[in-house]
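Here is the structure we will look at, set down as structure tokens.
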Amino acid sequence: MAEGNREKLMDLLVERSFHYDPSCPFKLRSGKMSDVYIDAKAVTLTAEGMSLVGETIWEKIATLNAQAIGGLTLGADPIAYATAMYAALTGKGWLDVFIVRKEVKAHGTGKGIEGPVVSGKRVIVVDDVVTTGGATLMAIEQVQAVGMEILKVVPLVDRQEGGREAIEALGLRYDPVFTKQELLNRYIGR
């Protein structure tokens, strides 16, 4: 990927997703309070954002020979779709997409993961924002429970609040696109 597209994606995240207010902390999913809130879906659900996200994530996984990409719904969904579509439309590769449910279905076949799930399938787990890693760890647990092999975990943004350590403690490769500090530096420097 051209470094320019990574920079465009960072600018887009800072412009549309990044909220900074030291005087009025935001409550995060983890329950923690923070002066920074990152609403990545404000970018990942736009046409421009999807194009940049798909290319950016693909470049981080292109050499891994992955067969599928996905993560916990809802944050991971547009990232997985964008990456699979980018790879297919540019002729770079084929990736199936899977969606990890927050709760196993209580009806039908009782699936916890939607999509072509096959034991032994080599996969990438993605997420939009990782703080403590709780949501990503839920996805990892379900993916491993069905026997899929996780090649790498790739969040769009790592908030640098313990998620990396929790995921790496499982012996998994962790490779965020951006860190909270990078986005904060860009926000302050503009």
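Just so it is clear, none of the values below were taken in a lab; they were calculated from the coordinates. Values in this document were obtained by computation on a predicted structure and should not be read as measured data. Don't worry about glycine lacking a Cβ; one is built from the backbone with ideal geometry, like all the others, and counts go over all protein chains shown.
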Can you tell me the order of 6-17, 24-35, 77-88 when each peptide is scored by its average per-residue count of other Cβ atoms within 10 angstrom, highest first?
77-88, 6-17, 24-35
Cβ crowding within 10 Å averaged over residues, with 58-71, 139-152 ranked highest first
58-71, 139-152
Nearest 10 degrees, 0 to 90: helix 3-16 Cα axis against the chain principal axis:
70
If we count other beta carbons within 10 Å of each Cβ, what is the order of Tyr174, Tyr187, fewest first?
Tyr187, Tyr174
Could you sort the peptides 97-105, 158-166 by per-residue average Cβ neighbour count (10 Å cutoff), highest mean leading?
158-166, 97-105
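Using just the Cα positions, wrap the chain in a convex hull and report its mean projected area in square nanometres, one decimal place.
For the chain, averaging the hull's shadow over all directions gives 11.0 nm².
Have a look at the DSSP beta bridges in the chain and tell me what percent are antiparallel, nearest 5.
In the chain, approximately 25 percent of DSSP beta bridges are antiparallel ones.
What is the chain's relative contact order, in percent, from Cα pairs under 8 angstrom and six or more apart in sequence?
About 18 percent, as a whole number.
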